[in-house]
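Peer 1: One structure coming up, written as structure tokens, with questions to follow.
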Amino acid sequence: MEDTLNSIPGAAELVAWFGSWPSFHDAEVINLTLNRTGVSTLKIETWEMTDKIDEAGYFVMQKHVSVTFRIEEIISLALADFSSQNVIFGLDLSLIDHGVQIRLDPCFGISGTIAARNVSIEYEPLPSDSV
């Protein structure tokens with residue numbers, strides 16, 4: 001995975017912010033915009049779950065963030081089950097011939113793969129009380 005992350009602009013910054021590559025476990029796909037020409041985007045909200053429990057008995061989440069994958073020159077696309085809520089089990093990136101593949105592992109809603117010639121990552125921290 002390290003070679004893959006080193007080849008994607010913005011990945012190292014996201015890793016530095018989290019301290020490692022985030023699992024995207026139970027992350028939610030907020031927006032998916034596909035463009036025939038130009039940039040497509042996949043926006044996902046995720047966080048880091050701690051082992052701490054709050055007063056209501058829930059795990060404490062920290063480092064809540066919105067991650068945007070900027071996708072250029074889509075090679076192939078196989079998506080299913082887009083819904084009113086789209087929670088993923090996880091997200092994997094891999095290098096493929098002539099590009100990068102994003103795989104969304106299903107939990108509830110969207111799942112599938114997007115392969116593109118170029119992928120870059122941007123992120124924006126969100127308020128901790130928005131988890």
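Peer 1: List, please: which pairs have Cβ atoms under 8 Å, are six or more places apart or on different chains, and start with a residue in region 80-102 that is surrounded by 15 or more Cβ atoms within 10 Å (Cβ to Cβ) and end with one that is part of a loop (DSSP other than H, G, I, E, B) and of a type in the set (D, E, K, R)?
Peer 2: Val87/Asp26; Ile88/Asp26; Phe89/Asp26
Peer 1: How about region 22-49: which of its residues are buried (at least 18 other Cβ atoms within 10 Å of the Cβ), of a type in the set (A, V, I, L, M) and part of a loop (DSSP other than H, G, I, E, B)?
Peer 2: Residues satisfying the conditions do not exist here.
Peer 1: Continuing with the same structure: List the number of the failed condition for Asp105; all other conditions in (1) surrounded by 16 or more Cβ atoms within 10 Å (Cβ to Cβ); (2) farther than 19 Å from Leu126 by Cβ; (3) free of Cβ contacts under 8 Å to residues at least 60 places away in the same chain hold.
Peer 2: (1)
Peer 1: With the condition kept exactly as written, say whether any residue in region 68-78 is among the acidic types (Asp, Glu), assigned to a strand (DSSP E or B) and in contact with a Pro (Cβ under 9 Å, 6 or more places away or on another chain).
Peer 2: Checked against the condition, which is being among the acidic types (Asp, Glu), assigned to a strand (DSSP E or B) and in contact with a Pro (Cβ under 9 Å, 6 or more places away or on another chain), region 68-78 yields no hits at all.
No lab work stands behind these numbers, since they all come straight from the coordinates. Because the structure is predicted, anything quoted here is derived from the model rather than measured. Backbone-built Cβ (ideal geometry, glycine too); neighbour counts: all protein chains shown.
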